[in-house]
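Written out below as C-alpha cells is the structure these notes cover.
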Amino acid sequence: MNRSIREQIRRALAKRRRQVVADPRLRRAAVLMPVYEDGNGLQILFTKRSEELPQHKGQIAFPGGTQQPEDQSLHATALRESEEEVGLRPGDVEVLGELDDTVTATSNFVVTPFVGFIPCPYSFRVNPVEIVELIPIPLSLLRDPSRFREELWDRDGGKTSMYFYTVGSHVIWGLTARILKQFLETVFPASTATP
C-alpha cells in the first residue's frame with residue numbers, strides 16, 4: 001500500500017477518541033476490515049457469509065466472530081477469526097487501528113472493528129462452512145455518493161437509520177455498513193475523490 005495512505009489511515013484512527021461499549025449483557029466480538037492495494041488502488045475485502053450460519057446468514061461482512069476464553073484480547077479475536085474464515089495468517093496483518101464499538105441490532109453482540117493492511121496478492125484459504133465468497137471492492141467505489149443510501153426503519157418504538165452501499169449485485173448493510181461508514185468518514189472526511 002502506498003505508505004502515505006497507510007499512514008493517513010493510521011493517523012486518522014489514532015487521533016480520535018474511540019467509543020467503547022461496556023455492557024456486560026452483550027457478548028463481545030471483533031471483526032477485521034482487511035485493506036490492501038493493487039493495480040486498481042486501495043481495496044477493502046468483504047466476505048459473504050454462508051446461509052448455513054446461525055446468525056447474519058448470507059450477509060456481506062468482515063471476517064470476525066465471538067471472543068473466546070483463549071483470546072487474550074479482542075485484537076486476538078479478530079485475527080483468529082480471520083485466519084479461521086479466510087486463511088489470513090495473523091503475522092501477515094498490520095493492524096492500523098480500531099473503530100468504535102458497535103452493537104448489533106438483533107443478536108446482542110458488541111463488535112470491535114480493527115482495520116488491517118494485508119499483502120497483495122495473497123493466497124486465501126476460505127472456510128466454505130462459514131464463507132461462500134470473498135468480495136474485494138475498490139475504495140473509490142465505496143466513496144461514490146451514488147452508491148450510498150440511508151433509510152429510516154421502525155425499531156423499538158423509534159426510528160433507526162439504516163445504511164446501504166450498493167456495488168454491482170452486492171449490497172452492504174447492517175453492522176458492516178455502519179462500520180464502513182464510520183471508516184470512510186473518519187479517514188476520508190473531506191471529499192469523495194479517490195486518494
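Rule-based calculations on the coordinates, nothing more; no lab input. Only a predicted model underlies this, so the values are computations on that prediction, with no experimental measurement involved. Heads up, the Cβs are rebuilt from the backbone with ideal geometry, glycines too, and the neighbour counts pull from every protein chain shown.
Quick one: how many lysine pairs does the chain have with C-alpha atoms less than 21 Å apart and a gap of 8 or more or different chains? Give me the count, please.
So the count of such lysine pairs works out to 4.
5 Å is the cut-off here: which amide hydrogens, built 1.01 Å from N in the peptide plane, fall below it relative to GLY97, excluding neighbours closer than 5 in sequence?
Correct list: VAL115.
By how many nm would the segment from VAL126 to SER161 grow when fully extended, if each residue of separation counts as 0.36 nm and the alpha-carbon distance is taken off?
Contour length minus the Cα-Cα distance gives 9.4 nm.
Name the residues whose placed amide hydrogens come within less than 5 Å of the amide hydrogen of ILE135, ignoring near sequence neighbours (fewer than 5 apart) on the same chain.
PHE46, THR47, LYS48
In sequence order, what are the phi-derived ³J(HN,Hα) couplings for region 172-185 according to the Karplus relation 6.51 cos²θ - 1.76 cosθ + 1.60 with θ = phi - 60°, rounded to whole Hz, with x for glycine and proline?
Once θ is set to phi - 60°, the couplings for region 172-185 become 9, 8, x, 4, 4, 5, 5, 5, 4, 4, 5, 4, 4, 5 Hz.
Using Cα springs under 10 Å in a Gaussian network model of the chain, which residue among PHE148, PHE124, PHE164 shows the largest mean-square fluctuation?
Of the options given, PHE124 has the highest mean-square fluctuation.
Using the Cα centre as the reference, give the magnitude of the dipole from point charges on the C-beta atoms of region 16-104 (Lys, Arg: +1; Asp, Glu: -1; all else neutral), rounded to the nearest 20 debye.
That gives region 16-104 a dipole magnitude of about 400 debye.
Hey, what do the phi angles of region 106-119 turn into as Karplus ³J(HN,Hα) couplings, whole Hz, using 6.51/-1.76/1.60 and θ = phi - 60°, x for Gly and Pro?
Working through the residues one at a time gives 10, 10, 6, 10, 10, 10, 9, x, 10, 9, x, 7, 10, x Hz.
Between rounded, prolate and oblate, where does the chain land on the alpha carbon gyration tensor, with a ≥ b ≥ c its root eigenvalues, rounded for a/c under 1.5, else prolate if a/b exceeds b/c?
It comes out rounded by the Cα gyration axes.
Name the residues whose placed amide hydrogens come within less than 5 Å of the amide hydrogen of GLN59, ignoring near sequence neighbours (fewer than 5 apart) on the same chain.
So GLN59 has HN proximity to ARG49.
When the Karplus curve 6.51 cos²θ - 1.76 cosθ + 1.60 is applied with θ = phi - 60°, which whole-Hz ³J(HN,Hα) does each residue of region 159-164 get, with x for Gly and Pro?
These are the phi-based 3J(HN,Hα) values: 9, 10, 6, 10, 9, 9 Hz.
Helix-derived [θ] at 222 nm for the chain: sum -39500 (n - 2.57) over DSSP H runs of at least 4, divide by residue count, nearest 500?
Result for the chain, helices only: -6500 deg cm²/dmol.
If exposed trypsin sites (Lys or Arg not before Pro) are those in a DSSP loop with at most 16 other Cβ within 10 Å, what is the longest stretch of the chain that has none?
126-195
Mean-square fluctuation check for the chain, GNM, Cα pairs under 10 Å: which of THR47, THR106, THR166 is largest?
Its mean-square fluctuation being the largest, the pick is THR106.
Evaluate E = 1/(1 + (r/R0)^6) for ARG11 and GLN68, where r is the Cβ-Cβ distance and R0 equals 35 Å; express this FRET efficiency to the nearest 0.05.
Numbers: r = 32 Å, r/R0 = 0.91.
The value I calculate is 0.65.
So the label point goes 7 Å from the Cα of GLU52 along Cα→C-beta, right? Which residues of region 105-140 then have their backbone N under 12 Å from it?
127-132
Mind giving me the nanometre distance, one decimal, between the label points for ARG25 and ARG3, set 7 Å out from Cα along Cα→Cβ?
Each label point lies 7 Å from its Cα, and together they span 5.0 nm.
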